[in-house]
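> Below you will find the structure I want to go over with you.
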Amino acid sequence: MDLMVKEEFLKKAITLHEKFPVVDAHLDLAGEILLRRQLGEKEVIRKRYLKNWNIAGIKLIVSSVYVPTKVIRQGGSEAAWKNALRQIEALTMDMTGMEEVMMVRSRKDLKKVIKGDKIGILVYMEGLDCIGEDLGRLETLYGMGVRGASLTWSRKNALGCGCCKAGEKIQITGGLTQKGKEAVRELENLSMFLDISHLNDDGFEDVKTVARKPFCATHSCAKAVYDNYRNLTDEQMEYLASQGGVMGLNGCKYIAGSLSGNHLEMLCRHAEYEAEKAGREHVGFGFDLCDSYDEADRALENKETDKEPELCDCFLNHGQIPLLTAALLQRGMDEKTAAGILGGNFLQFFNSVLP
C-alpha cells in the first residue's frame, strides 16, 4: 500500500504548484519526439505533455538527448552523432510554432521563462558517446543550443565508465580517461553544466579533482534509502552540495526502490533524507519518466505482444507530481523546503552555470 494523501494537503500542494515554478531536471523528450515523428506523429509536446505540464505548474523541462545503445553498436560514435543531431532537430521542429514553450540557452532566457507564461526547455546530452574523442564537437552542440552534458550513460565510452543500469546492482570500476577530464574543463569553459547521474564512483572521484564549477545529478536518489549503484552515497551527496550542486529525485521505481508500488512513500523518504544530508537547498525533481518513451520505442520496433508491458515510472504523467508534494507536506515538510525542491533549487543552480 502506498501513502494515502489527504485532501487538505493536496489543496496546499496545488497552491504551491501555482505559486512557485516547478522544474523537472530530466526527461528523455528529444528522443521520444524523434521516435514518434518516425511513427508519423506531430505536435508531440502539445498533444502528449503540455496539459500535464500545466497541471503541475512546470516552468522548466530539462530535455536529455539520449542515444540508444543499439545505435552505438551498429555504427559507433558517428552513428551516435547523427542520432543526437536528429533528436535536437526533431525537438526544435516540434517546438516550432508553439507559443507556449521556448528554448532556454541562457540566464536571460531562464529569467524570461520564470517571469512570463512560457515553459522553458533546456537541452543537454545524456552521455557523450556521440563526440568520441573529438572535444570540438562540444562547441558544435553548444551552437545548436545544448547547455549541458553527462560524460557517460550506463556504459563505457571514450571519456569514462558509466554506472550500472537502473534494474541492476553491479559495481563498475574505472574512472575518467584523460579525454574525459579534458571534457569536464571544456564543458566549464563553454558554460555547459555537468551532470554526474550515470557516472560510476571512480568517475565521481575524478570529477571532484577536475571540476572547478558546480555540477549536478539530474536524476539520482539516495543510496542509503535504496541500495542501487545509480544512487548517490552520503559522501557524494554532501560533496555535491558543498560545491553548489543539486540532485534530482528520480521517479523510476528501480531507482526509488518502490517495486511494490509504494511510490509516494519511497520518493518522500528519498527527498527527506537528501534534504537532511545534502541540505534542503540541494534537492529537486528529475523524474526521468520513461514509460511514454518506451511505448514509442516498442511501437517503432514492432515489439507489441499480448503481454502488458511493465511500467517503470512512479507517476502516470507529470500531472500527478502535486501528489508527491502533498505527501511531503502531510509528512511534515515545511512549505519553504517544498518550494525549493519543486524547482527553486534547480533554478538557482542553472542561474549559476548558464551563460
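The values are calculated or read from the model by the stated rules, or taken from the named source; none is laboratory data. Remember, it's a predicted structure, so these values are computed and weren't measured experimentally. So basically every Cβ, Gly included, is an ideal-geometry build from the backbone, and we count neighbours across all protein chains shown. The accessibility values were calculated without ligands, DNA or RNA, using every heavy atom of the protein model including side chains. Shrake-Rupley method; radii C 1.70, N 1.55, O 1.52, S 1.80 Å.
> Output yes when any residue across the range 298-312 is touching a Lys or Arg at 6+ places or on another chain (Cβ under 9 Å), of a type in the set (K, R) and either free of Cβ contacts under 8 Å to residues at least 24 places away in the same chain or not in a loop (DSSP other than H, G, I, E, B) (or both), and no when none is.
Within the range 298-312 (the criterion being touching a Lys or Arg at 6+ places or on another chain (Cβ under 9 Å), of a type in the set (K, R) and either free of Cβ contacts under 8 Å to residues at least 24 places away in the same chain or not in a loop (DSSP other than H, G, I, E, B) (or both)), the answer is no, since none of the residues qualifies.
> Restricting to the range 162-187, and then to whatever is in a loop (DSSP other than H, G, I, E, B) and modelled with pLDDT of 95 or more, can you tell me which residue is farthest from C221 (Cα to Cα)?
T177
> So which residues in the range 248-257 are open to solvent by less than 20 Å² (accessible area, probe 1.4 Å) and either free of Cβ contacts under 8 Å to residues at least 40 places away in the same chain or over 13 Å from F349 (Cα atoms) (or both)?
Of everything in the range 248-257, those that are open to solvent by less than 20 Å² (accessible area, probe 1.4 Å) and either free of Cβ contacts under 8 Å to residues at least 40 places away in the same chain or over 13 Å from F349 (Cα atoms) (or both) turn out to be L249, N250, G251, C252, I255, A256, G257.
> Sort through A222, A271, A217 and tell me the only one that's under 30 Å from E310 (Cβ atoms) and in contact with a Lys or Arg (Cβ under 8 Å, 6 or more places away or on another chain). Don't jump to the end; show me each part of the working.
Details: A271 fails: in contact with a Lys or Arg (Cβ under 8 Å, 6 or more places away or on another chain); A217 fails: in contact with a Lys or Arg (Cβ under 8 Å, 6 or more places away or on another chain).
Going through A222, A271, A217 in turn, the sole match is A222.
> Right, next: Take S242 and decide whether it is without any contact (Cβ under 8 Å) to a residue 12 or more places away in the chain and either buried (at least 17 other Cβ atoms within 10 Å of the Cβ) or at negative phi (or both).
yes
> Another question about this same structure. Could you list, in sequence order, the residues of the range 192-203 that are over 19 Å from H26 (Cα atoms) and either in contact with a strand residue (DSSP E or B) (Cβ under 6 Å, 6 or more places away or on another chain) or surrounded by fewer than 23 Cβ atoms within 10 Å (Cβ to Cβ) (or both)?
D201, D202
> Next up: Give the residues of the range 89-100 that are open to solvent by 10 Å² or more (accessible area, probe 1.4 Å) and either among the basic types (K, R) or at negative phi (or both), sorted by residue number.
Scanning the range 89-100 gives E89, T92, M93, M95, T96, M98, E99, E100.
> Would you tally the residues in the range 317-355 being closer than 27 Å to G148 by Cα and not in a helix (DSSP H, G or I)?
The number of residues fulfilling the criteria is 3.
> Does the range 318-355 hold any residues that are farther than 27 Å from F193 by Cα, surrounded by fewer than 21 Cβ atoms within 10 Å (Cβ to Cβ) and small (G, A, S), and which are they?
Passing the criteria: G319, G332.
> Residue by residue through the range 162-185, note down the ones that are open to solvent by 10 Å² or more (accessible area, probe 1.4 Å) and in contact with an Asp or Glu (Cβ under 8 Å, 6 or more places away or on another chain). Spell out the reasoning first.
Here is the first cut: in the range 162-185, the ones open to solvent by 10 Å² or more (accessible area, probe 1.4 Å) are 165-179, 181-182, 185.
Listed by number, the residues that qualify are K169, Q171, T173, G174, G175, L176, K179, K181.
> Would the range 112-126 turn up any residue that is open to solvent by 10 Å² or more (accessible area, probe 1.4 Å) and within 18 Å of P355 (Cβ to Cβ)? Show your work before the answer.
Keep residues of the range 112-126 that are open to solvent by 10 Å² or more (accessible area, probe 1.4 Å), which gives 112, 114-118.
If we keep only those that are within 18 Å of P355 (Cβ to Cβ) as well, we get 112, 114.
Yes - at least one qualifying residue is present in the range 112-126.
> Restricting to the range 228-252, what's the tally of residues that are assigned to a strand (DSSP E or B) and in contact with a helix residue (DSSP H, G or I) (Cβ under 9 Å, 6 or more places away or on another chain)?
Of the residues in the range 228-252, 4 are assigned to a strand (DSSP E or B) and in contact with a helix residue (DSSP H, G or I) (Cβ under 9 Å, 6 or more places away or on another chain).
> Right, next: Kindly list the number of the only condition in (1) within 15 Å of the chain's Cα centre (by Cα); (2) outside any helix (DSSP H, G or I) that fails for I255.
Looking at each condition in turn, I255 falls short on (2).
> Does the range 139-161 contain at least one residue that is under 20 Å from A217 (Cα atoms), surrounded by fewer than 16 Cβ atoms within 10 Å (Cβ to Cβ) and touching a strand residue (DSSP E or B) at 6+ places or on another chain (Cβ under 8 Å)?
yes
> A follow-up question, please. Answer yes or no: is there a residue in the range 209-227 that is under 19 Å from C161 (Cα atoms), of a type outside the set (F, W, Y), open to solvent by 60 Å² or more (accessible area, probe 1.4 Å) and not in a loop (DSSP other than H, G, I, E, B).
yes
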